[in-house]
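Structure first, commentary second.
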Amino acid sequence: MKLAALISGGKDSSFAIYRAMQEGHVVTDLITIVPANEDSYMFHSANIHLTGLISEACGIPLTSLASSGEKEKELEDLKRALGSVQVDGVAVGAIASEYQASRVRSICDELGISMYAPLWHNDPESLLLEMIGLMDIRIVKVAAGGMDESWLGRRFDEKLIGDLKALNRKYRVHIAGEGGEYESLVLDAPYYKKRINLIETEKVWMGDYGVMKVIRAELMEKL
């Protein structure tokens with residue numbers, strides 16, 4: 001299929017693109033909805049401004065729309081963005097969120113296109129282990145019990161997955177972050193032609209949650 005892909009810069013949407021390509025689909029467009037505030041029910045917000053750089057890194061054009069932040073308005077904006085591209089379907093990184101999946105599926109039905117969700121109901125630990133072997137992923141936002149400022153900027157590896165499993169046992173943190181416990185940023189993936197290099201970042205802690213803001217970043221050649 002010829003697909004558009006919803007992209008936030010995070011691990012799930014990025015890995016869905018990889019899976020789509022591996023299964024023979026062609027990803028022709030990236031779609032980003034920029035939420036008006038951080039507590040969007042539908043869309044990842046941390047460092048969403050970097051999706052333009054991701055588009056440049058992988059050579060796939062980006063359609064980016066700013067949303068008002070209202071629940072239903074976000075869905076209208078997504079429908080408008082998807083309606084602006086000529087595709088057979090849309091790739092999404094949903095793993096377990098029925099709220100997100102059902103709403104994207106409804107929009108796809110209205111537009112007469114398919115929803116492609118290659119991560120849906122996959123085992124979270126197996127997914128993370130596969131991801132860390134293929135992508136350079138960093139934590140850029142945390143908002144869950146047991147997560148403090150030291151988590152910001154951490155690279156996903158087996159140690160981090162072990163720490164997430166420990167938080168799951170103690171605080172019921174979803175290890176893939178499906179409950180909004182954390183957000184991530186992918187600096188490199190197999191389909192990136194260049195990788196993203198973070199030049200300047202700022203950690204901001206706000207009582208019970210924190211964000212690592214990317215102030216400056218650039219593309220660099222892969223080693």
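Please treat every number below as a calculation from the coordinates, not as lab data. These figures come from a predicted structure and were not determined experimentally. Every residue, glycine as well, gets a Cβ built from its backbone with ideal geometry; the counts of neighbours run over all protein chains shown.
In the chain, the calculated helix contribution to ellipticity at 222 nm averages -9500 deg cm²/dmol per residue, counting -39,500 (n - 2.57) for every DSSP H run with n ≥ 4. An oblate overall shape is assigned to the range 124-220, the ratio a/c of its alpha-carbon gyration tensor axes (a ≥ b ≥ c) being 1.5 or greater and a/b not exceeding b/c. Among the listed pairs Lys165/Lys194; Lys79/Lys203; Lys11/Lys203, those with a Cα-Cα distance over 29 Å are Lys165/Lys194; Lys79/Lys203. Entry note, the range 101-223: relative contact order of 25 percent, from Cα contacts under 8 Å with a spacing of 6+ residues. Note on Met147, Met220, Met115: ascending count of other Cβ atoms within 10 Å places them as Met220, Met115, Met147, the fewest first.
Relative to the longest principal Cα axis of the chain, at what angle does helix 158-171 sit, 0 to 90 degrees, rounded to 10? So the helix axis and the longest Cα principal axis differ by about 80 degrees.
One decimal place: the segment Ser114-Glu178 gains 20.8 nm when fully extended, by the rule 0.36 nm per residue minus the C-alpha distance. Counted residue by residue at 0.36 nm each, then reduced by the alpha carbon distance between them, the extension gain from Ser68 to Asn197 reaches 43.4 nm.
A Förster distance of 41 Å, applied to the separation of the beta-carbon atoms of Gln86 and Leu129, puts the FRET efficiency at 0.70. A straight Cα-to-Cα reach below 18 Å connects Lys170 with the lysines Lys159, residues fewer than 8 places away in its own chain not being considered. Against the chain, whose longest principal axis is taken from its Cα atoms, helix 71-83 shows a tilt of about 50°.
Placing dummy labels 7 Å off each Cα toward the beta-carbon, the span from Asp157 to Ala96 is 2.6 nm. With neighbour counts taken as other beta-carbon atoms within 10 Å, the residues Lys193, Lys141 rank, fewest first, as Lys193, Lys141. At full extension, Met206 and Glu76 could sit 43.7 nm farther apart than now, given 0.36 nm per residue minus the alpha carbon distance.
Please order Glu74, Glu98 by the number of other Cβ within 10 Å, starting at the fewest.
Ordered from fewest to most neighbouring Cβ atoms within 10 Å, Glu74, Glu98 come out as Glu98, Glu74.
Specify whether the C-alpha gyration tensor of the chain places it in the rounded, prolate or oblate class, a ≥ b ≥ c being the square roots of the eigenvalues: rounded for a/c under 1.5, otherwise prolate if a/b is larger than b/c and oblate if not. Note, shape of the chain comes out rounded.
Is the shape of the range 110-163 rounded, prolate or oblate, going by the alpha carbon gyration tensor and its root eigenvalues a ≥ b ≥ c, with a/c under 1.5 for rounded and a/b larger than b/c for prolate?
prolate
Applying the criteria of a DSSP loop state and at most 13 other Cβ atoms within 10 Å to the GluC sites (Glu not before Pro) of the range 155-190 yields no site.
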